[in-house]
Amino acid sequence: NAGVTQTPKFRVLKTGQSMTLLCAQDMNHEYMYWYRQDPGMGLRLIHYSVGEGTTAKGEVPDGYNVSRLKKQNFLLGLESAAPSQTSVYFCASSYFGRSSTDTQYFGPGTRLTVL
Amino acid sequence: GENVEQHPSTLSVQEGDSAVIKCTYSDSASNYFPWYKQELGKGPQLIIDIRSNVGEKKDQRIAVTLNKTAKHFSLHITETQPEDSAVYFCAALGGSYIPTFGRGTSLIVHP
């Protein structure tokens, strides 16, 4: 049971380049989330999904797109990277709604630098 | 929407002292309040949580208290150890299952 995994762990992009961050979970969770973490700003929700084939915008969705084609995977895309997207990105998944296991499980993070 | 305020942003204590981190929330419909610990270079990990039908919960050196009337909840760590040094996040969650996080508290425990 690997929990939540993220690929890649580190990446450096040039302004305007595109990339996709992959999140995978093996816990059969319905809910998946993408957050960005910046110094002093805590965890800000970018997009989330409440089930396979669904996505929804979070607090800071501009410049990002997501897809949830399979229940276990949640992809975060940057179509045209900007320096303001330099951050650490965390994926999480949860069982929310099943009272005995209401918690989020986080991946190890992806550190992205946009030059 | 929900708003969660967390204080202090930085907390420095001596080993063996107690540490208290406080959070307030705005949405009276919130009913689940988890606390996460984030060690350097890692993702946040749940350390304790509390539901709105309980006033206090304890797990060894860690405890969480909830005051629904005042809409605030606190994390208490007793007999702090250097390995408790980390960033701690509180969160509030209601029926939407989308947590709102505080901005985090950096706890430093000096040996």
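Things to note:
- If the condition is being at pLDDT below 95 and within 13 Å of another protein chain (Cβ to nearest Cβ), then segment B:5-42 contributes B:S30, B:N31, B:Y32, B:F33, B:P34, B:L40, B:G41, B:K42.
- Selection of segment A:33-54 for residues being more than 11 Å from chain B (Cβ to nearest Cβ) and surrounded by fewer than 19 Cβ atoms within 10 Å (Cβ to Cβ) yields A:G51, A:E52, A:G53, A:T54.
- Among the conditions (1) at pLDDT 95 or above; (2) in contact with a strand residue (DSSP E or B) (Cβ under 7 Å, 6 or more places away or on another chain); (3) surrounded by fewer than 17 Cβ atoms within 10 Å (Cβ to Cβ), the only one that B:T65 does not satisfy is (3).
- Restricting attention to segment B:73-102 and to residues that are farther than 16 Å from B:L46 by Cα and modelled with pLDDT of 95 or more, the residue that is least open to solvent (accessible area, probe 1.4 Å) turns out to be B:T80.
- Sole exception among (1) closer than 19 Å to B:V13 by Cα; (2) within 14 Å of another protein chain (Cβ to nearest Cβ); (3) open to solvent by 40 Å² or more (accessible area, probe 1.4 Å) for B:R51, by number: (1)
- Of the criteria (1) out of contact with any His (no Cβ under 8 Å at 6 or more places or on another chain); (2) part of a strand (DSSP E or B), which one B:S12 fails: (1)
- Residues in segment A:55-74 that are crowded, with 21+ Cβ neighbours inside 10 Å and either touching a Cys at 6+ places or on another chain (Cβ under 7 Å) or free of Cβ contacts under 8 Å to residues at least 12 places away in the same chain (or both): A:F74 alone.
The values are calculated or read from the model by the stated rules, or taken from the named source; none is laboratory data. Source: prediction; values computed, not measured. Quick reminder, even Gly has a Cβ in these numbers, built from the backbone with ideal geometry, and neighbours come from all protein chains shown. Each accessible area value is taken on the protein alone, full model and side chains, heavy atoms only, with ligands, DNA and RNA left out. Shrake-Rupley method; radii C 1.70, N 1.55, O 1.52, S 1.80 Å.
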